[in-house]
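Since the structure comes first, as structure tokens, the remarks are kept for the end.
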Amino acid sequence: MPFIETEDRTSIHFTDWGNAEGMPVVFTHAWGVHKGMWDNLLPEFLDAGFRCVAYDRRGHGRSDIAELRCDLDTLADDLSALLDALDLRDVLLVGHSLGGAEAVRYLSRQGSARVAGLVLSAPSAPMLAQSSANPAGIPLEAVDMMRQLVRTDIGAMLDSWRPEDFFGTTRAISATLVDSIRRQMVDTPVPVMLATLETNMGVDLTAELPDVVLPTLIIQGDADINNPLDLTGRRCAELIPNASLTVLPGAGHGLYLSEAEAYAEAITSFAASL
């Protein structure tokens, strides 16, 4: 299994599939899961001739964690370490949820020399939690309840999780795939889940998004309960100068599975435009 090592000696596991001469697409995953969230989607990109690189965030999947550092700067620097180690250029970055925030922070810290385009998929941006600057955000009471459920019994949280709330109602997802997502979250160490929850809910990229000069596709469902469209995707589209927004009707936060064909088509068409 391929790994790269970061400056703090954390081993990051990745997979590298497809045409070595094709445009590299680097996938960053959502909170709580690992790169396996992309597995069912990858054949669409491989068939289209792309080179597909997906990796496990530190502390997730097969990646280890040298110390409990899961702030957004550290996570963005891990992405940078991967791109540098593989010497990837003209990359299409595809980040879902927290992965989208990581991609934006990477661009803020490292610039766009290696990147040709950005896809923000149901992003955790500009900011999620309610505050005086974000009055329509997720109430702090709801964040605290989630924090307590992760800490005391994440299984109880997942038992109450309804697939139709996550995926929307356009297409039923098999119980096996739903269970695989639950399994990824249960298998992620609780301290890592808590640390990345704080990162996800504490993000504020309002000042950084206007500096994203790359062509950017924002793709999201209008039934997204986790990261509501009006709070995240629409605001990102307003703040990023060269952004386009694709809204998939009836799709939830898990649109990468429920709307896999339309999702892949939108991203591959965007890649072709680059």
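Brief remarks on what is shown
- Looking only at region 1-35, residues that are open to solvent by 70 Å² or more (accessible area, probe 1.4 Å) and in contact with a Gly (Cβ under 9 Å, 6 or more places away or on another chain) come to 2 in all.
- Some residue of region 46-61 being open to solvent by 50 Å² or more (accessible area, probe 1.4 Å), in a strand (DSSP E or B) and at negative phi: no
- Region 70-100 - residue that is open to solvent by 50 Å² or more (accessible area, probe 1.4 Å) and at positive phi and, of those, farthest from the chain's Cα centre (by Cα): ASP87
- Note on region 98-116: residues that are within 14 Å of LEU83 (Cα to Cα) and touching a Ser or Thr at 6+ places or on another chain (Cβ under 8 Å) total 5.
- Qualifying positions in region 101-124 - assigned to a loop (DSSP other than H, G, I, E, B), open to solvent by less than 10 Å² (accessible area, probe 1.4 Å) and out of contact with any Asp or Glu (no Cβ under 6 Å at 6 or more places or on another chain): PRO123, SER124
- Test result for ALA122, closer than 21 Å to ARG182 by Cα and not basic (Lys, Arg): yes
Residue-by-condition table, conditions (1) within 30 Å of ASP90 (Cβ to Cβ); (2) under 15 Å from the mean Cα position of the chain (by Cα); (3) at pLDDT below 95:
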| residue | (1), (2), (3) |
| --- | --- |
| LEU120 | yes, yes, no |
| ALA125 | yes, yes, no |
| ASP165 | no, no, yes |
| THR170 | no, no, yes |
| ASP179 | no, no, yes |
| THR188 | no, no, no |
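- Looking across region 125-153, the residues that are part of a loop (DSSP other than H, G, I, E, B) and out of contact with any Lys or Arg (no Cβ under 6 Å at 6 or more places or on another chain) come down to ALA125, LEU128, GLN130, SER132, ALA133, PRO135, ALA136, GLY137, PRO139.
- Considering each residue of region 134-150 in turn, at least one proves to be closer than 16 Å to VAL203 by Cα, of a type in the set (Val, Ile, Thr) and in contact with a helix residue (DSSP H, G or I) (Cβ under 8 Å, 6 or more places away or on another chain).
- Selection from region 126-173 of residues that are among the acidic types (Asp, Glu) and free of Cβ contacts under 8 Å to residues at least 24 places away in the same chain: GLU141, ASP144, ASP153, ASP159
The values are calculated or read from the model by the stated rules, or taken from the named source; none is laboratory data. Note that the structure is predicted; figures quoted are calculated from it, not measured. Note that we place each Cβ from the backbone using ideal geometry, even for glycine, and neighbour counts take in every protein chain shown. All accessible areas refer to the heavy atoms of the entire protein, side chains included, with ligands and DNA or RNA removed. Shrake-Rupley method; radii C 1.70, N 1.55, O 1.52, S 1.80 Å.
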